[in-house]
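Participant: Let me give you the structure first, and then I'll get to my questions.
Read-outs throughout are calculated quantities, based only on the coordinates presented, and are distinct from any laboratory measurement. What you see is a predicted model, and the numbers here were worked out from it, not measured in a lab. Note: ideal-geometry Cβ built from the backbone for every residue, glycine included; neighbour counts use all protein chains shown.
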Amino acid sequence: MGRSSADGSPLISQGLVFMSSRLDEHQGRSEFFSSAKKLALGFFAERFETLAIGLGSDLIRPPGALDELSFLSCCTRCDKCIEACPQDSLIKADAKTGLAIGTPYIDPRTTPCYLCTELPCITACPEGALIWPTRATNGGFSRSGPAAVFIGTAEISSELCLTYEAPNRTPMSCQVCVDRCPYPGIAIKMKPNLDQTHAHPEVVSEFCTGCGLCVFGCPTDPSAIKIIPKQKFN
Ligand code: SF4
Ligand code: SF4
Ligand code: SF4
């Protein structure tokens, strides 16, 4: 009873249920493999991105550089930005940088970026790996051009900076970094300490371009101020 009838409907319905369960099973397996494939691709894409960015993560890129992974894929290593820089600020990355080999970067202690008004490095790039910079402040004020450059942010070491007390060193007056900055009092300023005996330089990250002119000028060795590349903030 229940296995057959004159019109065969119980069998048909059982068959449909069976087929439907097979279909569900089939769909489940295919969805499982599809999800596994997506997961695997995602895993490898993430690993590749980590590897690619990891290798170039310490490099300070030219003004207007895209985010690190896009920059690595867009830059054809043509050297046009390097040739266009009137200050010889751009260096070609060597083999130690892995996938970043041949790409341009800045070593501010040797030659910082002078934030040329026309940003010729950017206009020379034929691939769109360097784009004209725009940047908004927290207050909503928007900048464009050299003042909007963000290739990193300066960071001061209180252990090395001459204005701070340290073993075998009494604090002294120094504000070379502020004086060398193209935006003194805006991107970096002197701030008196609590007892008003000394003033220390303080970076305002919102306005700092990462140009490295402060690093170049700092009299300590190693420099008491360094640039953290922008990709470290992502
Ligand atoms: S802004 Fe001027 S100094 Fe800086 S990297 Fe570009 S061309 Fe060179
Ligand atoms: S604080 Fe240093 S890196 Fe920042 S804009 Fe001034 S000179 Fe350039
Ligand atoms: S130039 Fe160097 S030592 Fe002098 S205040 Fe700036 S960070 Fe400190």
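Participant: Which entries in Lys80/Lys189; Lys189/Lys230; Lys80/Lys191; Lys92/Lys189 show an alpha-carbon gap greater than 30 Å?
Facilitator: Lys80/Lys189; Lys80/Lys191; Lys92/Lys189
Participant: According to a simple spin-label model (label point 7 Å from Cα along Cα-to-Cβ), what is the distance in nm between Ile186 and Asp79?
Facilitator: 3.6
Participant: Full extension from Thr117 to Lys96: what is 0.36 nm times the residue separation minus their Cα-Cα distance, to one decimal in nm?
Facilitator: So the chain would gain 4.3 nm between Thr117 and Lys96.
Participant: What is the spin-label model distance, in nm, from Glu159 to Asp67 if the labels are put 7 Å beyond Cα along the C-beta direction?
Facilitator: Computed distance between label sites Glu159 and Asp67 equals 3.3 nm.
Participant: Ranked from highest to lowest mean number of other Cβ atoms within 10 Å per residue, what is the order of the peptides 76-87, 157-168?
Facilitator: 76-87, 157-168
Participant: Could I have the simple spin-label model distance between Ala136 and Phe233, label points 7 Å from Cα toward Cβ, reported in nm to one decimal?
Facilitator: 1.5
Participant: Now a separate question. Give, in whole angstrom and from largest to smallest, the semi-axes √(5λ) of the equivalent ellipsoid of the stretch 59-233, with λ running over the eigenvalues of the Cα gyration tensor.
Facilitator: 31, 18, 13
Participant: Please compute the length gained on full extension between Arg143 and Gln196, using 0.36 nm multiplied by the number of residues separating them and subtracting their Cα-Cα distance.
Facilitator: Between Arg143 and Gln196, full extension yields 15.7 nm more.
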